[in-house]
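Report on the structure given below.
What follows is calculated from the coordinates using simple rules that are stated; it is not laboratory data. The structure displayed is predicted, hence computed values, not measured ones. Here the Cβ is made from the backbone with ideal geometry for all residues, glycine too, and neighbour counts use every protein chain on show.
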Amino acid sequence: MNVTLIIILVTVGISLWAWNDYSVMNRWVMNPYQVAKRNQYYRFLTSGFLHADWMHLIFNMISLYAFGGLMEQVFNSLFGASGPLYYIGFYLIAIVVSDIPTFLKHRNDSGYNSLGASGGVAAIIFAAILISPLSKIMLFIIPIGIPGFIFGPIYLLYSYYESQRGAGNVNHDAHIYGALFGVAFIILVYPPVLPQFIDQIAGWRLF
């Protein structure tokens, strides 16, 4: 069983547990006010294993499964036997880092809550895009695949727009900062990825 599948199973299990025991949801959800006032910093991490509903959970886990295998291979190649530990650490740190802007923005708002694995998943997706920018990404609303290097900027612009608009219940900031963390991390640990990325997209043709 690969590490990605283990993360998925753990996330599904914790999400189901929280749906059936709201005290778990209440204690573990990302509430910046509680973090600031009661030093409940564990919420940065625990909130990444909670989801609002089945659609939220399934979308994140399918996305994680689709890109996690590639990144596991990359981490195993870079770090050998320690690859799985680095991969898990990368995912967990991404969840924490992606919520820091949310914490700073809403630390005085007692009614604000955030949850979901989106920050960690975005980090894995965007790291994978940097590794393999020509791989196609399928969207539910578009029946054809979009090359990752095209999808990435469009997705970030959309997330930024929605974040500024402030509508809905989606934490778009977590998507943005998770994605940026994923890109920065993979460049830091494997600098050749950047020229390789440029070489790959330089040879791309639409037709």
**Report entry** Hz values of 3J(HN,Hα) by residue in the range 78-95 - Karplus curve (6.51, -1.76, 1.60), Gly and Pro given as x
**Finding:** 6, 10, x, 5, 7, x, x, 5, 5, 5, 4, x, 4, 5, 5, 5, 4, 4
Requested in this report: Go through the range 109-122 residue by residue and turn each phi into a ³J(HN,Hα) via Karplus (6.51, -1.76, 1.60, θ = phi - 60°); whole Hz please, and just put x for glycine and proline.
Outcome: 10, 5, x, 8, 10, 9, 7, x, 8, 4, x, x, 5, 4
Report summary line: In whole angstrom, the spacing between the Cα centers of the range 92-121 and the range 23-63 equals 8
Report task. State, to one decimal in nm, how far the label point of I187 lies from the label point of I100, with both points 7 Å from Cα in the Cβ direction. Result -> 1.6
**Report entry** Nearest-0.05 FRET efficiency for R27 and I58, computed from C-beta distance (R0 25 Å)
**Finding:** 0.55
Report task. For the range 3-202, take the alpha-carbon Rg, divide it by the Kirkwood Rh, and send me Rg/Rh. Result -> 0.97
Query raised in the report: Between Y158 and Y41, what FRET efficiency follows from the Cβ-Cβ distance if R0 is 41 Å, with the result rounded to 0.05?
Result: 0.85
Report summary line: For the range 47-56, in residue order, the Karplus 3J(HN,Hα) values (coefficients 6.51, -1.76, 1.60; θ = phi - 60°; whole Hz; Gly and Pro = x) are 5, x, 10, 10, 9, 6, 6, 4, 4, 4
**Report entry** Point-to-point label distance, I6-I88, nm (Cα→Cβ direction, 7 Å offset)
**Finding:** 0.5
